[in-house]
Amino acid sequence: MMSQEQNDLITRVGPAAPCGKLMRAYWQPAALVDELEGDRPIRPVRLLGEDFVLFKDEQGRYGLIDRDCPHRGADLAFGRLEGGGLRCAFHGWLFDVEGKCLETPAEPAGSPLCANIKQRAFPVVAKGGILWAYLGAGEPPAFPEIDCFTAPDTHVFAFKGLFECNWLQALEVGIDPAHASFLHRFFEDEDTSHAYGKQFRGVSAGSEMPMTKVLREYDRPIINVEHTEYGLRLIALRQIDDERTHVRVTNQLFPHGFVIPMSTEMTITQWHVPVDDENCYWYAIFTSYTQPVDKVKMREQRLELYELPDYTSRKNKRNDYGFDPHEQATSTYTGMGADINVHDQWAVESMGKIQDRTREHLGQSDKAIIQYRRLLRQEIAKAEAGQRPLLALDAAAARGIQGPATMDGIGPSRGWETYWMEVDVKRRRGAPWAAPVPAEIAAKVPHLTAAE
Ligand code: FES
Ligand SMILES: [Fe+2]
């Protein structure tokens, strides 16, 4: 259990909050690249408790500037894209992507007013199908060379969705290996050949066993947590019998991401990005190590649940997430349908806007969450002291962060420690794009990587 003060420290992300300062040391997903396509590439963006407007000017440059017009505060998200920037619809003041005021057309000709006006503006880059913004001071960090940023555009697909709760409880479901055996339990296994684009619906690598069966029947995983240069590695073990053990390797990517296997061919890199203290977007990049991603299908699958323009879920607390007591009695653990995103959404939103951690009771299965919170507090203190927190890297250091390895498979009960690395290395070596084997892993399975 923690005090209210401790809970506030690790959840609140406004500009004056210590954790807000930490978050501002990193690039943050601000929108999908898709959102700034189309006839009118202007989107309001609320990020870390602040309001901005994101736009693409006539030359294709991205800008993120404060949303309230510096003249008399009207909303720039209703502005006009013209004249080399974004023009306020109230009196026509015009701003470029750097926040420079270019025109104040109602002022007398030759007025110098413009020269003294500067709207706050932030750098924006497109990477992996996401537009990233840097809200911090000084030089932004470099992007690590992890798979989702290394794979070609054909092999990645990005999407997002809104959770109406604080970012931390949303992240914590991603570093909780035990919940999948309960929250995502299906009483019967589906035909695994229809698993494309869905999590936990295929077979575990090295077996014919559907993941749904593994999760359902082996519900007390042993969880190992290791500290890495990018955050944490979680290894969840489910012993099937004396010979065979199910191994699932996932990662916490500091500060608010995780990297997990989706299927034998794809991983999910997902960030829980604070809109403000009480809402967050998950942004995910799906990365394929085999065929190009079927983006049309992936998008269609996800648009069944999420509604544009704000990527809000059709199933939510206003309609009890589609809860059906008969289904709960006969086919799923939650009674909320087959889409596991809905299960996770219910779990994290039902805790309340900001989970009251003064009332929680953690167990052994919450091990990774406990370690993560410790790490978070440590890095908040670093940011407070003006030091670079974990994974806020310069270009040379960022090049050394590769992978990270993920896998879900059934291997030997004796020797699982290297088995999972072998599975990951083989997948990388068979990939049609250069998926680097992280140095730390290469050193541990030299018989597979010696040829490199
Ligand atoms: S309020 Fe924007 S131009 Fe006047
Ligand atoms: Fe989940």
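Where a number appears in this text, it was derived from the coordinates with a stated rule and is not lab data. Bear in mind that the values here come from a model prediction, so they are computed numbers and not experimental data. Glycine gets a Cβ as well: all are built from the backbone with ideal geometry, and neighbour counts include every protein chain shown.
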Please report the antiparallel percentage of the DSSP beta bridges confined to the stretch 145-449, to the nearest 5. 95
For the stretch 381-401 and the stretch 277-351, distance of Cα centres in Å: 33
I need the GluC sites (Glu not before Pro) found in the stretch 55-101, filtered to DSSP loop residues with at most 11 other beta carbons within 10 Å of theirs. 58
Size of electric dipole in the chain: Cβ of Lys, Arg +1 and of Asp, Glu -1, about Cα centre, debye, nearest 20: 640
Debye equation applied to the C-alpha atoms of the stretch 27-134, log10 I(q)/I(0) at 0.19 Å⁻¹: -0.88
Roughly how many whole Å is it from the C-alpha centroid of the stretch 144-216 to that of the stretch 411-452? 21
For the chain, calculated [θ]222 nm from helices alone, where every DSSP H run of n ≥ 4 adds -39500 (n - 2.57): -6500 deg cm²/dmol
Given Cβ charges of +1 for Lys and Arg and -1 for Asp and Glu, the option among 281, 62, 322 whose Cα lies farthest towards the positive end of the dipole of the chain is 62
Cβ-placed point charges (K, R +1; D, E -1), dipole of the stretch 1-116 about Cα centre in debye, nearest 20: 200
Would you please state the base-10 log of I(q)/I(0) at q = 0.12 1/Å for the stretch 307-411, with intensities from the Debye formula using one equal scatterer on every alpha carbon? -0.78
What shape does the stretch 108-251 have by the C-alpha gyration tensor, where a ≥ b ≥ c are the square roots of the eigenvalues, rounded means a/c under 1.5, and otherwise prolate means a/b greater than b/c and oblate the rest? prolate
Taking one equal scatterer on every alpha-carbon of the chain, how large is log10 of I(q)/I(0) by Debye at q = 0.07, 0.09, 0.13 1/Å? -0.37, -0.61, -1.24
Packing-ranked peptide list from 390-401, 61-72, highest mean Cβ count within 10 angstrom first, is 61-72, 390-401
Pick out, from 76, 123, 109, the residue whose Cα sits farthest towards the positive end of the charge dipole of the stretch 27-134, with +1 on the Cβ of Lys and Arg and -1 on the Cβ of Asp and Glu. 123
For the stretch 378-439, rounded, prolate or oblate, judged on the Cα gyration tensor with a ≥ b ≥ c (square roots of eigenvalues), a/c < 1.5 rounded, else prolate if a/b > b/c? oblate
Hey, got a sec? Which trypsin sites (Lys or Arg not before Pro) in the stretch 301-347 land in a DSSP loop and have at most 14 other Cβ atoms within 10 Å? 314
Using alpha-carbon positions, the gyration tensor of the stretch 117-177 gives root eigenvalues a ≥ b ≥ c; with a/c under 1.5 called rounded, otherwise prolate if a/b exceeds b/c, else oblate, the class is oblate
